[in-house]
1. Taking residue 240 as meeting all but one of (1) more than 17 Å from the chain's Cα centre (by Cα); (2) of a type in the set (A, V, I, L, M); (3) buried (at least 16 other Cβ atoms within 10 Å of the Cβ), write down the number of the exception.
2. Can you name the condition, by its number, that residue 211 falls short on among (1) over 18 Å from residue 224 (Cβ atoms); (2) assigned to a strand (DSSP E or B)?
3. Quick check on this structure: which one of 132, 137, 150, 105 is closer than 26 Å to residue 220 by Cβ and either modelled with pLDDT of 75 or more or hydroxyl-bearing (Ser, Thr, Tyr) (or both)?
4. May I ask you to say which residue of 203, 176 is without any contact (Cβ under 8 Å) to a residue 60 or more places away in the chain, buried (at least 19 other Cβ atoms within 10 Å of the Cβ), in a strand (DSSP E or B) and among the aliphatic types (A, V, I, L, M)?
Amino acid sequence: DNIKNLFSQVEWKEIMNVNKKTVPAIDKDIGTHLMSYKKKTPSEMRKIILIFNTFIWFFHVYWTNESPKNRLMQPHAEGWYAVNIWGILIDKAFLNVSDIDLVRGETCSVASSNRRNDDEMYIVKGNRKALGHRIDGIVQNLVNNCEYGGIEVAKTCQGPHDRKQLGDSLKLTKLLKDMFHQQSGVVDYNEEIVKKLEVVGLLHSRLQLQQFMMDFGCGSCLWLKKETTRNIPLHLGDVMDLIHTIVSVLHAKLRIQRCIEVMKNEPETNHSYKKSHSLLRVLPHHLILYALQKQRLQ
């Protein structure tokens, strides 16, 4: 109204009507379909969602999949792959894991922050708390912030010797070491339990995915195992590549679930167990790895 008062009635009428665009009309069938979701309770909404609908089937089976554009063969920004490819394959796989959340975005690792603040290099009088590594995704407990895995995203990959790929691989490896150290502290470095722990990392760039697994080797060494790089196929003839990729994601999920169960079932009353006399408590900033390049897949 304040703006309207600046103009005369004739001027305002002209402003509102000259070259006025009409609102595009939505297809009647689409409008009817949208209004069918006008429900007030979750049970009513669930009932309508679970009803088979020809329009939904047509949209998913025909319109989406028969698009004349092969989107996978076109260049996209890093976020496009995270939302349209890996968000569907990875993020949704963890939805039914209780007490666990997959946090996406540039997130600081609590495990990495704890290690840095325990390190004498970062303990300087007057300095604020040191932040941890920033990672593109973290699988963590909703209650105690215990971390079980990490995700690093790269926009492009130009082969196994690509500098960006190698840098992200090293970054993810250091983060997994911090997560394993955090888990070991949660179980009070009980060697029998520590031997059963493992952390998982996923490195994906465009249509490629590689899984990292880290667990306790022996003495002061940790195992780092790198799975074969998997790919999202561009053509239906290579559908087995997609199946292998899905299996890799499921393996990562099952490993994390197995680790969660191990930590849940740790003994609470027996404190006379044998603790590890390895360097797990004081592992330096650089990662001590045994057989770094050797794959030891289960």
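The values are calculated or read from the model by the stated rules, or taken from the named source; none is laboratory data. None of the values given here were measured: they were computed from a predicted structure. Backbone-built Cβ (ideal geometry, glycine too); neighbour counts: all protein chains shown.
1. For residue 240, the failing item is (3).
2. Tallying (1) over 18 Å from residue 224 (Cβ atoms); (2) assigned to a strand (DSSP E or B), residue 211 fails exactly one: (1).
3. 150
4. Checking each option against the conditions leaves just 203.
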